[in-house]
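The values are calculated or read from the model by the stated rules, or taken from the named source; none is laboratory data. What you see is a predicted model, and the numbers here were worked out from it, not measured in a lab. Glycine gets a Cβ as well: all are built from the backbone with ideal geometry, and neighbour counts include every protein chain shown. Ligands, DNA and RNA are excluded from the accessible area calculation, which covers all protein heavy atoms including side chains. Shrake-Rupley method; radii C 1.70, N 1.55, O 1.52, S 1.80 Å.
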Amino acid sequence: ELEQRVDIYLADTDTLWILDLPPTLVSTEAEESLRVLERNKIYVELCSSKSGSENFEEKMVQTLSGAAKTKEVQCETITMEEKGMMVTPWDLDNSLDASEMESPTTEKPRGTAGKSSKSPPAEEQGQTGSNIDSTPSIIIPESAVPARSQEEKEFHSEAILTSENLQQDLVVMERILMENIFQAKLAVYRQLPVLRDPDVPSDTGMEEAKEEEQDKEKEDEEEEKETSLKPSILSDLSPNVAGSAAPRLEQLWSFRCGLSQGHSVSSMAWNKGNPDLLAVGYREFVSGDQKQGLACCWSLKNPMWPERIFHVEHGVTALDFSLASPKLLAVGLCSGCVLIYDVSSSNDTVLLDSSASLNKHTGPVWQLKWVEQARGATGGDKKERLLCIAGDGRVTEWFIQQRLDCSDLLKIKRTESSKKKSPGHKERKREAPISQHAAGMCFDFHPEDTDIYLAGTEEGHILQCSCSGKEQILGTYRGHKGPVYKVAWNPSSTDVFLSCSADWSSLLWHRDCHSPLLTFSSVPAFVQDIVWAPQSTFTFAAVNERRVEIWDLSVSLFQPVLCCAASPKGKLSSILFARNSQCLLLGDSCGEVGVWLLQNLPAPST
C-alpha cells in the first residue's frame with residue numbers, strides 16, 4: 001500500500017458568503033437620500049431587464065471610487081451631558097477675588113467685587129435668587145477656581161526639583177543612558193564580548209569599509225618610526241615578536257568636562273576599594289598663577305561628568321585615596337595645605353584642613369601617599385599614616401585627629417658640589433643660599449618594607465631614607481642633572497627602581513648600586529612621569545611633553561616598543577595604568593584624561 005500510486009486532484013470549491021454588507025455611502029437622513037434610492041432602484045430594474053439579452057454579460061470591471069462620506073457618519077455620535085452645581089454669591093466673590101489677585105489688570109464685575117466678607121442687600125439677594133431659579137445650572141470656568149499664589153507655585157516647584165527621590169531617579173536614568181552610549185567601549189575596557197543589537201541589520205558594505213580603513217592605518221603605523229619599531233630591529237632582538245602585529249594604542253574615551261578646561265592634569269589615583277572610581281587633580285597650566293584648583297572623582301559609569309567635584313583655592317598638585325578607609329581622599333595644594341574629603345558624602349565641604357596647623361608646609365605639596373604601617377607593628381588592625389613631601393624640603397607625617405597636624409620625618413639639606421681644588425688656589429667666599437633645605441619633589445615607599453623609602457630632590461639626587469632608626473638617610477644616588485620628577489619601585493623585583501627627571505632621561509637603579517644601571521633617553525624633552533606596568537616585571541611607561549613611550553626591557557634596552565605622539569592642542573603631564581584592564585590613562589595640559597587600550601604588546605614575562 002505504501003508503494004501504490006495515488007492521484008489527487010485539487011479543484012476550487014464554491015464560494016461561501018458568511019457576511020455580506022453592502023456599502024452605505026449616503027446617510028439615510030441626508031437630503032439627497034431619496035434621490036439616491038430612486039436611482040438605485042432604476043439601476044436594478046435595468047440590470048434585470050438585460051439579463052436575458054445576448055449582448056449582456058456579467059463580469060467585474062474597475063469603477064470609480066465612491067463619494068466621500070458625509071460628516072454625520074465619519075465618527076461616533078457625540079454625546080452631550082449637562083452638569084451643574086449650586087453656588088452662593090459669596091463663593092463667586094471669593095473665586096473672582098482670587099483670580100484678580102493673580103492678574104490685577106482684569107476688571108472686576110459689577111455688584112460682586114469687594115463683598116466677600118459682608119452679606120449683600122435684600123434687593124441684590126432677590127435678583128441673584130431669581131437668576132439661579134431661571135437657570136437650571138451654572139458652570140464655573142476653571143479660571144474662577146481659587147488658585148495658588150505665585151510664591152506657593154515657586155516653592156512647590158523648587159521642592160520637587162530638590163527632592164531626594166527625583167535626584168535618585170535622575171541618577172538611575174543617567175546611568176542607563178551612559179550604558180547605552182558607552183556599552184561597546186566599556187565592554188572592551190573590561191575585556192568582555194561586545195553585545196550588538198539584533199534589531200539593527202549589519203551593513204556588510206560598512207564593515208568592509210571599516211576593515212579597509214583599519215588595514216590602511218596598520219600600514220601607515222608600520223611606516224612611521226614613532227609608532228612602532230622597525231621589523232629588522234625586532235627580528236634581531238626577539239624572533240617571536242617579529243612575526244606578530246605591531247603594538248599600538250587605541251583611544252576608547254576621555255574624561256573631560258567644561259570645568260576642567262584651562263587646567264592641567266597634575267595627578268591621578270585609583271580608589272582602593274572601588275576600581276571604577278578615579279580621582280584627578282587639576283591646576284593651572286602656568287604654575288606661577290595661583291588660581292583656583294579642582295579635584296574630581298570620575299566613575300566608569302559616567303565618563304561625561306564627574307561624580308564628585310571639589311573646588312579649592314589653589315592648584316591641586318597631589319592626591320591619593322586611603323586604603324583603610326577608601327572614602328577618604330587626601331589632596332595636596334600648591335600653597336602647602338593638605339585637605340581631606342569624604343567622597344561618600346554628596347556635600348563638597350572639607351572634612352579636615354591643615355591651614356590652621358603651625359607646622360604646615362611653606363612650599364607646594366608635590367606628592368602625598370597613604371602608607372600602611374610596618375608589618376611588625378603591634379595590633380590586629382592595619383593602621384596607615386599619611387605622608388607628604390613638599391617644596392620646603394620636608395617629609396612629614398600627618399596625624400588625623402580633630403584637626404590635621406604633622407611632624408617632620410626628614411629635612412632634606414642641600415649638598416655642596418665636590419670639585420677638586422688646584423694647589424695654591426685661594427677659596428673664594430660664596431654667598432649663602434637662600435634656604436639650606438633642598439626642595440623635595442617625589443617619594444616612593446618600598447613595597448615590602450614600608451620603613452624604607454626613596455626621596456627625589458630638585459638637585460637631581462635620590463635619597464634612600466628610613467622612617468625608624470637613628471640614621472635617616474641610608475644612601476644617596478647621583479645620576480640626574482635636573483630635578484627628579486618621579487621615583488618608582490618595581491612591584492615584583494623589589495630591589496630595582498626607576499626615576500625620571502628634567503634632564504630628558506629615565507634611569508634604572510639597583511638598591512645596592514649608587515650609579516645607574518641603564519639610561520633611557522629618546523627625545524629632548526622633560527620626562528614628566530613614569531609608572532611600572534602591573535602585569536609585567538619588565539614593562540614600564542614614561543610620558544614627556546611630546547609623547548608617551550612604552551618600554552619592554554625583555555624586547556629592547558635601546559628603543560621603546562611603542563610610541564604615541566601627544567595631541568597638538570596640549571602637552572602630556574601624567575600617566576597611570578588601569579588596575580583591572582589592559583588600558584593606559586594619559587592626562588594632559590588641556591584638562592583631559594584619555595583612556596587608551598594597549599594592543600599587540602608582547603606577552604608578560606615572569
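Cross-linked pairs LYS411/LYS569; LYS272/LYS413; LYS481/LYS571; LYS327/LYS413; LYS291/LYS369: Cα-Cα separations exceed 30 Å for LYS411/LYS569; LYS272/LYS413; LYS327/LYS413. Protein-only accessible surface at a 1.4 angstrom probe places the residues LYS481, LYS272 in the order LYS481, LYS272, largest first.
Compute the length gained on full extension between ALA11 and ASN359: take 0.36 nm times their separation in residues and subtract their Cα-Cα distance, giving the result in nm to one decimal.
Numbers: separation 348, 0.36 × 348 = 125.28 nm, distance 10.68 nm.
Extra length available between ALA11 and ASN359 comes to 114.6 nm.
Per residue, the convex hull around the alpha carbon atoms of the stretch 8-47 comes to 101 Å³.
For SER266, nonlocal amide neighbours, meaning residues 5 or more places apart or on other chains whose placed amide H falls under 5 Å from its own, are GLY281, TYR282, ARG283. Distances between placed amide hydrogens fall under 5 Å for CYS442 paired with GLY456, all partners being 5 or more residues away or on another chain. Note on LYS59 and SER346: their simple-model spin labels are 8.0 nm apart, each label 7 Å out from Cα toward Cβ.
Suppose accessible area is computed on protein heavy atoms with a 1.4 Å probe; arrange ARG248, ARG5 from highest to lowest.
On the way: ARG248 45, ARG5 200 Å².
So the residues, ranked largest to smallest area, are ARG5, ARG248.
How much length would be gained if the chain were fully extended between ASN180 and ASP408, taking 0.36 nm per residue of separation minus their Cα-Cα distance, in nm to one decimal?
Working: separation 228, 0.36 × 228 = 82.08 nm, distance 5.09 nm.
Stretched fully, the ASN180-ASP408 segment lengthens by 77.0 nm.
Backbone phi angles across the stretch 38-54, fed through the Karplus curve with coefficients 6.51, -1.76 and 1.60 (θ = phi - 60°), yield HN-Hα couplings of 5, 5, 5, 5, 5, 5, 5, 5, 5, 5, 5, 6, 8, 5, x, 7, 6 Hz in residue order; Gly and Pro are listed as x. In sequence order, the stretch 359-364 has phi-based couplings of 9, 5, 6, 9, x, x Hz under the Karplus curve 6.51 cos²θ - 1.76 cosθ + 1.60, θ = phi - 60°, and Gly or Pro positions carry x. In this label model, VAL523 and TRP90 are separated by 8.7 nm, measuring between points 7 Å along each Cα→Cβ vector. Rounded to the nearest 10 square angstrom, GLU45 shows an accessible area of 100 square angstrom against a 1.4 Å probe.
Measuring with a 1.4 angstrom probe and ignoring ligands and nucleic acids, MET304 comes out at about 100 Å² accessible. For the pair ASN600 and ILE78, the difference between a 0.36 nm per residue extended length and the Cα-Cα distance amounts to 180.6 nm. Each residue of the stretch 407-413 was assigned a 3J(HN,Hα) from its phi angle through the Karplus curve 6.51 cos²θ - 1.76 cosθ + 1.60 (θ = phi - 60°); the sequence is 9, 7, 8, 7, 10, 7, 9 Hz, with glycine and proline shown as x. Annotation: amide H-H contacts under 5 Å for ASN359 (H modelled 1.01 Å from N, sequence separation of 5 or more, or interchain): CYS406.
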